[in-house]
Structure formats: structure tokens, C-alpha cells
Amino acid sequence: MEGITIKKSVNIKDVAQYAGVSPSTVSRVISNDERITDATKKKVLEAMDILGYYPNVIARSLANRKSNAIGLIMPAFSDILFINPFFPEALRGISMVASNNSYDILMSTNSKHSEELEVIKNFIRGKRVDGIILMSSRVNDESIKFLRESKFPFVVVGSSLEYDDINCVDNDNEKAAYDMTKHLIEVGCKDIALVAGNLDLVVTINRLSGYKKALLENNINLNNDYIIAGEFLEESGYIAGKKLLSLDKIPDGIIVTDDLMALGVIKAIKERNLRIPKDIRVGSFNNSILAKFAVPTITSIDVNAVKLGKSAVDILINAIDKGEGFDSLIVDHNLVVRDSTT
């Protein structure tokens with residue numbers, strides 16, 4: 001595998017020479033032919049990575065045929081996907097537009113974030129999809145970086161802190177968190193906590209920013225003990241709630257950035273025989289069925305998950321068809337006030 005000079009334009013013959021196989025073997029690896037051994041496949045894929053062959057593979061795929069399928073990359077925390085109402089709602093919007101445009105959906109879930117990029121590469125190598133939807137975004141997201149550099153059609157349900165030239169659809173999460181914090185202040189809260197998602201998620205960073213901004217504008221000191229990050233799970237909310245209620249000065253308002261987590265926070269509050277909203281007010285995000293039928297009903301930010309899903313597919317199909325430029329859309333949010341804060 002020595003003696004080849006890496007050049008700007010790489011073809012199958014170059015990859016074959018570098019890997020020590022025939023060009024037909026490289027083609028079979030690209031098409032995910034089951035007759036190729038794992039050892040040979042690994043050798044060829046490593047050669048493709050080293051030589052930077054992916055952009056050429058992508059161009060060939062788009063020029064030669066369409067799969068009429070969209071790849072849907074769900075978050076790595078796949079254990080929440082079918083119990084957290086946000087994702088089925090977003091998927092409902094995605095399915096509606098995809099079906100109307102004769103696209104199938106190929107969904108991938110990963111137990112580890114590190115697996116996500118390899119799934120994307122396999123989708124592209126096998127020419128299995130015409131475009132990809134990323135259902136979450138992180139700081140220094142490798143998947144966004146790879147897709148952007150590869151010029152493969154994709155859209156992010158979320159946003160990127162590093163790139164402003166990618167297709168994305170999102171809420172104004174900073175403003176949404178600001179609105180919820182301001183609401184709790186207006187109903188009398190002085191000590192407001194935030195239970196958020198993982199701190200490497202862009203949505204968490206934006207919501208944390210909005211929360212801090214509202215406190216600052218209303219001359220309320222920021223208490224770092226009141227900020228707890230975790231997974232979008234009821235159990236995570238429960239643990240966060242217990243931590244907050246173990247502080248010397250417990251908060252009189254708690255913002256939870258997901259309805260499912262909010263159920264756990266409420267459980268912790270009830271175990272302490274504290275009353276909602278008289279002792280502690282609770283606000284949440286997503287305005288799912290969980291917020292509507294919880295006891296008490298939960299004040300929540302409606303992020304319009306169905307519209308997020310619909311818009312993501314509209315933008316992606318446009319990118320597949322035109323292949324030029326990028327589109328960014330902000331979907332309106334709405335504060336829905338219920339018993340947990342009034």
C-alpha cells in the first residue's frame with residue numbers, strides 16, 4: 001500500500017491500487033456487496049478515507065440514480081425515542097411530506113454518538129439514500145462537518161454553532177427559554193432553576209443562554225447550583241428534582257427543557273409533600289400530551305414538532321433537486337400556560 005501519490009482528484013483505480021485490490025472489488029465495497037469479506041471491506045474503506053474519495057462517490061451516486069429514500073439519523077440516546085412524544089410528533093411531520101413526495105424513510109438509531117458518523121458513511125457508500133436528516137446537533141458535530149464537506153444533501157433539525165451555511169430548521173430556543181423564564185418571574189418566582197439536556201447539545205446551550213438573559217434583565221442573581229444537566233428521561237428529571245430539593249435554599253420555580261423530564265421533577269416535588277404551583281412552579285418544553293394530561297397540567301413551550309419535521313423534509317427535497325445553496329428556517333414557538341405555574 002505504498003508508492004502512490006495522493007492527488008486532488010481520486011478515482012476507483014487509485015483506491016484499488018492503494019488497497020491492493022481490483023477496481024471491481026472497490027465497486028462492490030461501495031455498493032455494500034455481501035460477498036466481500038469484512039477484512040477486504042475494512043481495507044478498502046480505510047483507503048477511501050485516506051484518499052478522500054467520498055465526495056466523488058457521492059457525486060456518482062447523485063448523477064447515476066436516485067434511491068427515493070431519506071436517511072433519518074435519530075439521536076444517540078435511542079432509549080428515549082419511543083417514549084418521548086417529541087420524536088414521534090416530528091416523525092409524523094417527516095412522514096407526511098416524504099410520502100407526498102414518494103420518498104421512503106430509512107431510520108437509524110444508535111446507542112452511542114460515536115456510531116452516528118459510520119452509519120452516515122454506510123448510507124452514502126451503499127447509495128441507500130438521496131439525502132439525510134439529522135435529528136439533533138452537538139458542539140463540533142462530526143456528522144455535520146462530514147456531510148458539509150462531502151456536499152451531500154442534508155438538513156439538521158436544530159442548528160450549528162460552527163456553520164451558518166447549512167440547511168437547518170429550528171426554533172429560536174434562546175427566545176423560548178427567555179419567554180419561559182420571564183413567565184415564571186412575572187408570576188412571582190425569584191429563585192428559578194433550570195433542568196436541561198446534555199451540555200454538548202446545541203439546543204441546551206441556546207436554552208441556557210435564554211434563561212441567563214432573562215435572569216440578568218430582571219436583576220436576579222444566577223445560582224449555578226440551580227442548573228442541572230441530564231438526559232431527556234423521566235428518571236433524569238427525578239434525580240435532578242431531588243438534587244434541587246436537597247439544597248439549603250430550594251427554588252420556587254423550575255424550568256425543565258422537556259416534558260418527560262418534567263414528570264420526574266414533579267414526582268420528586270410531590271414526594272417532599274410540596275405543592276405545585278403554590279410552593280414551586282414548574283414550566284417545561286414541547287407541549288406534548290404528557291404536559292396536557294399531567295397532574296397538575298404543565299405549562300409548556302409548544303415547539304411545533306410536526307412543523308419542524310415537515311419543514312425539514314421540504315428543505316431536504318429542495319436540496320436534493322437543486323443541489324445549490326442552503327436554507328435556514330425558524331419555526332415559531334408558543335407558551336401554553338397551565339396549572340403548574342398559575
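For residues that are among the aliphatic types (A, V, I, L, M), open to solvent by 10 Å² or more (accessible area, probe 1.4 Å) and more than 20 Å from Glu186 (Cβ to Cβ), tally how many sit in the range 267-307.
7
When the residues of the range 135-162 are narrowed to those that are surrounded by 18 or more Cβ atoms within 10 Å (Cβ to Cβ) and hydrophobic (A, V, I, L, M, F, W, C), which ends up farthest from Ala319 (Cα to Cα)?
Met135
State yes or no: is Ser328 of a type in the set (Gly, Ala, Ser), open to solvent by 60 Å² or more (accessible area, probe 1.4 Å) and under 19 Å from the mean Cα position of the chain (by Cα)?
It is true that Ser328 is of a type in the set (Gly, Ala, Ser), open to solvent by 60 Å² or more (accessible area, probe 1.4 Å) and under 19 Å from the mean Cα position of the chain (by Cα).
Return yes when Val313 is touching a strand residue (DSSP E or B) at 6+ places or on another chain (Cβ under 9 Å) and closer than 22 Å to Met74 by Cβ and no when it is not.
Yes.
For the range 237-248, check the following and say yes or no: at least one residue is within 20 Å of the chain's Cα centre (by Cα) and either on the phi < 0 side of the Ramachandran plot or of a type in the set (Lys, Arg) (or both).
Yes, some residue in the range 237-248 is within 20 Å of the chain's Cα centre (by Cα) and either on the phi < 0 side of the Ramachandran plot or of a type in the set (Lys, Arg) (or both).
One residue is enough: does the range 186-194 have a residue meeting the conditions among the small types (Gly, Ala, Ser) and open to solvent by 40 Å² or more (accessible area, probe 1.4 Å)?
yes
If you scan the range 207-220, which residues turn out to be in contact with a Lys or Arg (Cβ under 9 Å, 6 or more places away or on another chain), in a helix (DSSP H, G or I) and open to solvent by less than 50 Å² (accessible area, probe 1.4 Å)?
Gly210, Ala214
Please note which helices (runs of 4 or more DSSP H) are completely contained in the range 97-188 and include at least 1 residues that are within 18 Å of the chain's Cα centre (by Cα) and small (Gly, Ala, Ser).
Of the helices (runs of 4 or more DSSP H) lying wholly inside the range 97-188, those with at least 1 residues that are within 18 Å of the chain's Cα centre (by Cα) and small (Gly, Ala, Ser) span 142-150, 173-186.
List pairs: first residue in the range 317-342 and closer than 19 Å to Ile124 by Cα and assigned to a helix (DSSP H, G or I), second residue modelled with pLDDT under 95 and of a type in the set (Lys, Arg) anywhere in the structure, Cβ distance under 7 angstrom, at least six positions apart or on different chains.
Going by the 7 Å Cβ cut-off, there are no qualifying pairs.
Each row is one residue, and each column tells you yes or no for (1) open to solvent by 10 Å² or more (accessible area, probe 1.4 Å); (2) at pLDDT 95 or above; (3) under 30 Å from Val265 (Cα atoms).
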residue	(1), (2), (3)
Leu117	yes, no, no
Ile133	no, yes, no
Ala176	no, yes, yes
Asp179	yes, yes, yes
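For the range 11-40, name all the residues that are surrounded by 17 or more Cβ atoms within 10 Å (Cβ to Cβ) and under 32 Å from the mean Cα position of the chain (by Cα).
Result: Val29, Ile30.
The values are calculated or read from the model by the stated rules, or taken from the named source; none is laboratory data. Since the model is a prediction, treat every value here as computed from it, not as a measurement. Positions of Cβ are backbone-derived with ideal geometry, glycine not excepted, and every protein chain shown enters the neighbour counts. Surface areas here come from the heavy atoms of the whole protein model, side chains and all, with no ligands, DNA or RNA. Shrake-Rupley method; radii C 1.70, N 1.55, O 1.52, S 1.80 Å.
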